[in-house]
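So the structure is just underneath, and the comments pick up after that.
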Amino acid sequence: MSKAVFYFGLLMLSGCSGLFEKQPKGPWAILKHEYRQCLNDLKRDSELDAIADKVTLDTVYDRDEYFDLLSIEDTPTRKEKVAIKKWATKLEHCYKIKARAYVYEPRNVALWSAALDSDQLVLVLELQKGNLSYGQFAAKRLEVDTAYRGKILQAVAADYKKPEYSQPPNNTQLPRNPVTKF
């Protein structure tokens, strides 16, 4: 085996294979990627270990996980309140990344998404104050998430009902397939 092949193999094993992964293109895709990465980082953040089994840190809806969380009757301890405050700050940072992508989305989709993020943060702060048990927090969070997702879906549907989406494309503007002969 040549040294070049050996070193290439080492690079691949050492994690440099990420260099060959498909990277997001365009500002909207880059911001969405940064937002998802921010949420993934929350799940692995050791400062949030005290609450990791009591809330969904990344805010991604998982029905089974929410049902498990609904049964937690405990309210946050002092140590957990500190972790929740850190989580709120970090979650707000993630939402700010997401908000930068709103300029690339339909206006009403962006408005409802921003409202959802805001209401989610309000719930996190209520939990941090000790006004909710973890189960109550999970139930309210699911309720808010479901209501806003419905509004977001309606906004998306309304956007696609606009006249520019109902017109068939002009055939003279379609690119021709080089293999097909006309």
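The values are calculated or read from the model by the stated rules, or taken from the named source; none is laboratory data. Computed from a prediction, not measured in an experiment: that's the story for all the values here. Cβ placement follows ideal geometry from the backbone for every residue including glycine, while neighbour counts extend to all protein chains displayed.
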- request: Would you check which residues across the range 120-143 are buried (at least 17 other Cβ atoms within 10 Å of the Cβ), assigned to a helix (DSSP H, G or I) and either of a type in the set (Ser, Thr, Tyr) or out of contact with any Leu (no Cβ under 6 Å at 6 or more places or on another chain) (or both) and list them?
  value: Gln120, Leu123, Val124, Leu127, Gln128, Tyr134, Gln136, Leu142
statement: With the first residue restricted to the range 74-92 and required to be more than 18 Å from Gln120 (Cβ to Cβ), and the second required to be polar (S, T, N, Q) and exposed (fewer than 15 other Cβ atoms within 10 Å of the Cβ), Cβ contacts under 7 Å at 6 or more apart or on different chains are none
message: Filter the range 45-97 down to the residues that are charged (D, E, K, R), at pLDDT below 95 and either assigned to a helix (DSSP H, G or I) or surrounded by fewer than 15 Cβ atoms within 10 Å (Cβ to Cβ) (or both) and list them by number.
response: Asp53, Asp62, Arg63, Asp64, Glu65, Asp68
